[in-house]
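To start, the structure under review is shown below, and the notes come after it.
The values are calculated or read from the model by the stated rules, or taken from the named source; none is laboratory data. For clarity, every value in this text was computed on a predicted model and none was experimentally measured. Counting neighbours? That spans all protein chains shown, and the Cβs are built from the backbone with ideal geometry, glycine included. Each accessible area value is taken on the protein alone, full model and side chains, heavy atoms only, with ligands, DNA and RNA left out. Shrake-Rupley method; radii C 1.70, N 1.55, O 1.52, S 1.80 Å.
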Amino acid sequence: QVQLVESGGGLVQPGGSLRLSCVVSGTIFSNKAMDWYRQAPEMQREWVAGITSGGSKNYADSVKGRFTISRDNAKNTVYLQMNSLKPEDTAVYYCKVRFYNYGWGQGTQVTVSS
């Protein structure tokens with residue numbers, strides 16, 4: 001059974017930073033592409049960033065230049081470093097294994113507010 005466990009969210013002031021983590025278990029992590037998504041209240045879930053098994057990265061225009069996705073295959077973990085946070089980044093953040101229907105983790109809440 002594949003499990004995705006996100007952590008690292010919290011309350012941060014505008015301009016601040018957070019690093020999210022997602023630990024994946026139950027599957028071979030190193031050969032999987034991974035994505036981060038987010039869902040704000042009353043909004044549809046949206047794709048934020050992705051990283052392939054080879055390390056190629058892509059970002060949504062709304063976060064490009066502020067967020068960085070990375071992975072540590074030894075730890076079965078994908079990260080999302082979020083800098084220069086804005087109130088509109090407030091959402092629950094989820095990771096997902098690309099191309100596989102493994103479902104979603106519980107997410108981690110990020111709130112950007114003064």
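Listing for the model above:
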| quantity | calculated |
| --- | --- |
| Given (1) in a strand (DSSP E or B); (2) of a type in the set (Ser, Thr, Tyr); (3) farther than 22 Å from VAL5 by Cβ, index of the condition SER62 fails | (1) |
| Hey, ASN73 surrounded by 14 or more Cβ atoms within 10 Å (Cβ to Cβ) and under 15 Å from the mean Cα position of the chain (by Cα) or not | no |
| Positions within segment 27-58 being open to solvent by 60 Å² or more (accessible area, probe 1.4 Å), more than 18 Å from VAL92 (Cα to Cα), not polar (S, T, N, Q) and not in a strand (DSSP E or B), in sequence order | ILE28, GLY54 |
| Residue under evaluation PRO14, criteria (1) assigned to a loop (DSSP other than H, G, I, E, B); (2) in contact (Cβ under 8 Å) with a residue 40 or more places away in the chain; (3) closer than 21 Å to ASN58 by Cα, criterion not met | (3) |
| ARG66, sole failed condition from (1) more than 14 Å from CYS95 (Cβ to Cβ); (2) within 12 Å of the chain's Cα centre (by Cα) | (2) |
| Residue in segment 59-69 that is at positive phi and either out of contact with any Leu (no Cβ under 7 Å at 6 or more places or on another chain) or open to solvent by 60 Å² or more (accessible area, probe 1.4 Å) (or both) present | yes |
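For (1) closer than 20 Å to GLN44 by Cα; (2) touching a helix residue (DSSP H, G or I) at 6+ places or on another chain (Cβ under 6 Å); (3) in a strand (DSSP E or B); (4) of a type in the set (Lys, Arg), each residue gets a yes or a no:
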site	(1), (2), (3), (4)
ILE69	no, no, yes, no
VAL78	no, no, yes, no
GLN81	no, no, yes, no
SER84	no, no, no, no
TYR94	yes, no, yes, no
ASN101	yes, no, no, no
GLN106	yes, no, no, no
